[in-house]
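Worksheet: the structure to be examined is printed underneath.
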Ligand SMILES: [Zn+2]
């Protein structure tokens, strides 16, 4: 048996938007059962944007949503943390259009939700269960989901950069065996310093710095403190995938596999799945045990 989850109390964070460079205040607020994850833009009269694939409108540098002209950008790291902790229902208030980047990973959002505490609700938790394989391709890159009794992500990236090549470009994580919090949550976003400088001249990536990203020169990592995991690059890409998949609206039960994927391909995959209702079902676990378990405060001692 597994019930829906929200947070116990409102928690707040303040940070910079990596693309906009704007300071943004964010509050996570408990929400009732069956509410879902919904963004509320306080700077435009409290307009709502649901965290769902139907509202994705930005997939180039990050994943962004839009509802009736109201945008919320760079949602993937927060969505990843909410997915990993199994938070079904929460209101995310923002006073600007971009979720703060914090340190470029999902660990600060994990910490924020843990500080609020997690509460189980009266309704059973919905899972998005993959019943048949769905695959999308784009040139030589591809992404697919297939049935699996749990939640697993297998990814291969292919960068020419020496540090990325040496770090290992292939990884498979079965989240019932390996801890998202330990293995994935601290992995930061990354980019080439020369690309950031070029984008900043075009008013993009205005908030990017070495305090929220791994900066790469042509052959090295420029951050003084180095890397958090030896294979932090592929781990961050898996963090992004976990966040993008949560835009199905519920935690997925299935196996995601991909080669050189990004937000664009993830968006195409989710749209392809949602267009074929015979490939999935929404399932609750009322008597039997669910194949996925989520962090609870009792686990803290073991993590
Ligand atoms: Zn990312």
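Counting only DSSP beta bridges whose two residues both lie in segment 3-125, roughly 80 percent are antiparallel. One chain, two ends: residue 219 and residue 42. Fully extended at 0.36 nm per residue, the span grows by 59.4 nm beyond their Cα-Cα distance.
Taking the chain as a Gaussian network of alpha-carbon nodes connected by springs under 10 Å, the highest mean-square fluctuation of the residues 73, 83, 122 belongs to 122. Computed over the chain, the per-residue total of -39500 (n - 2.57) for DSSP H runs of n ≥ 4 gives a 222 nm mean residue ellipticity of -6000 deg cm²/dmol, rounded to 500. When you restrict to C-alpha pairs under 8 Å that are six or more residues apart and normalise by the size of segment 3-125, the relative contact order lands at 40 percent.
Computed over the chain with a Gaussian network model linking Cα atoms closer than 10 Å, the most mobile of 41, 186, 201 is 201.
Each listed q (0.17 Å⁻¹) maps to a log10 I(q)/I(0) for segment 121-236, found by the Debye formula over equal Cα scatterers with no solvent: -1.01.
Ordered by the count of other Cβ atoms within 10 Å of each Cβ, fewest first, 287, 276 give 287, 276. Look at 47, 194 and count the other Cβ atoms within 10 Å of each Cβ; fewest to most, that gives 194, 47.
Expressed as a fraction of 2.2 N^0.38 Å, the C-alpha radius of gyration for segment 169-303 is 1.27. For the pair residue 32 and residue 119, the difference between a 0.36 nm per residue extended length and the Cα-Cα distance amounts to 30.2 nm. Based on C-alpha pairs under 8 angstrom that are at least 6 apart in sequence, segment 127-283 has a relative contact order of 43 percent. Footprinting exposure proxy ranking of 48, 61, fewest other C-beta atoms within 10 angstrom first, gives 48, 61. For segment 40-149, the gyration tensor built on C-alpha atoms gives an oblate shape. Its axis ratio a/c (a ≥ b ≥ c) is at least 1.5, and a/b is not larger than b/c. Length gained on full extension, residue 211 to residue 68, computed as 0.36 nm times the residue gap minus the Cα-Cα distance: 48.1 nm. Computed on the chain, with alpha-carbon pairs under 8 angstrom and 6+ residues apart, the relative contact order is 27 percent.
For the chain, modelled as a GNM whose springs connect Cα atoms under 10 angstrom apart, the maximal fluctuation among 255, 19, 293 occurs at 293.
Would you mind pulling out the separation of the Cα centroids of segment 43-97 and segment 156-207, in Å? Going from one Cα centre to the other spans 21 Å. Translational diffusion coefficient of the chain (Stokes-Einstein, Kirkwood radius from Cα pairs, 37 °C, 0.692 mPa s): 169 µm²/s.
Read-outs: derived from the displayed coordinates by stated rules, not from any lab. Since the model is a prediction, treat every value here as computed from it, not as a measurement. Cβ: placed from backbone, ideal geometry, glycine included. Neighbour counts: every protein chain shown.
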